[in-house]
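Derivation of every value follows stated rules applied to the coordinates shown; laboratory data play no part. All values derive from a computational prediction rather than experimental measurement. Glycine gets a Cβ as well: all are built from the backbone with ideal geometry, and neighbour counts include every protein chain shown.
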Amino acid sequence: MRPGTASRSAGGTSSRAAGEERALTSVAAGDRYEEPKDLPRLWHVTLSVSGKEAPLKEVRRALEQLAHDHPFLLTSRYANDHAEIRYWEEARDLHDAAAVALRLWGEHRQSAGLPPWEIVGLEVIDRETYHQRIAEGYGPLPATPVGVHPF
């Protein structure tokens with residue numbers, strides 16, 4: 001018997017001699033570890049809404065209330081007839097992140113006092129794409145300063 005190998009007896013049990021080392025197994029060259037597909041990931045969401053004009057002070061107050069209720073919001077920009085909200089969402093996949101984003105405005109319209117505007121745009125991109133765009137200089141600028149600001 002060669003060192004590092006073991007023979008099997010008729011009963012299927014190892015008959016390795018005392019002190020003999022067990023053969024090691026390894027991952028084939030080129031194989032890579034991949035994260036399981038069902039783990040949550042971070043998605044950068046940009047939600048655009050618009051509608052009839054509303055007083056700027058009321059729009060600002062409503063967006064500040066939404067940010068207070070949901071501190072995940074990075075930044076909001078607003079005018080009297082439209083707004084843009086940017087934030088990070090943790091979700092299993094793009095479909096889940098988009099579904100949450102599409103419910104955000106309507107579900108919090110009453111509690112935050114948001115204007116009765118409709119969603120007119122939605123962009124959901126993964127973290128890697130967001131950082132790649134920033135590095136290449138053509139993505140949305142990083143959300144700074146954080147908070148609620150006029151356009």
Label-point gap, in nm, between HIS68 and GLU107 - each point 7 angstrom along Cα→Cβ
2.1 nm
How large is the Rg to Rh ratio of the range 68-151 when both quantities use alpha carbon positions and Rh follows Kirkwood?
0.95
For the pair PHE151 and ARG92, the simple spin-label estimate (label points 7 Å beyond Cα toward Cβ) gives in nm 3.7 nm
Once phi is turned into ³J(HN,Hα) by the Karplus curve 6.51 cos²θ - 1.76 cosθ + 1.60 with θ = phi - 60°, what whole-Hz value does each residue of the range 51-68 show in order, with x for glycine and proline?
x, 4, 4, 9, x, 4, 4, 5, 4, 4, 4, 5, 5, 5, 5, 4, 5, 5
Listed peptides 41-47, 112-118 by packing density, highest first (mean Cβ within 10 Å):
41-47, 112-118
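For the range 43-110, state the semi-axes of the equivalent ellipsoid (square roots of 5 times the eigenvalues of the alpha-carbon gyration tensor), sorted largest first and rounded to whole angstrom. List each step's numbers first, then the result.
Working: eigenvalues 95, 29, 21 Å².
The three semi-axes for the range 43-110 are 22, 12, 10 Å.
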Relative contact order of the range 40-151, defined on C-alpha pairs under 8 angstrom at six or more residues apart (%):
42 percent
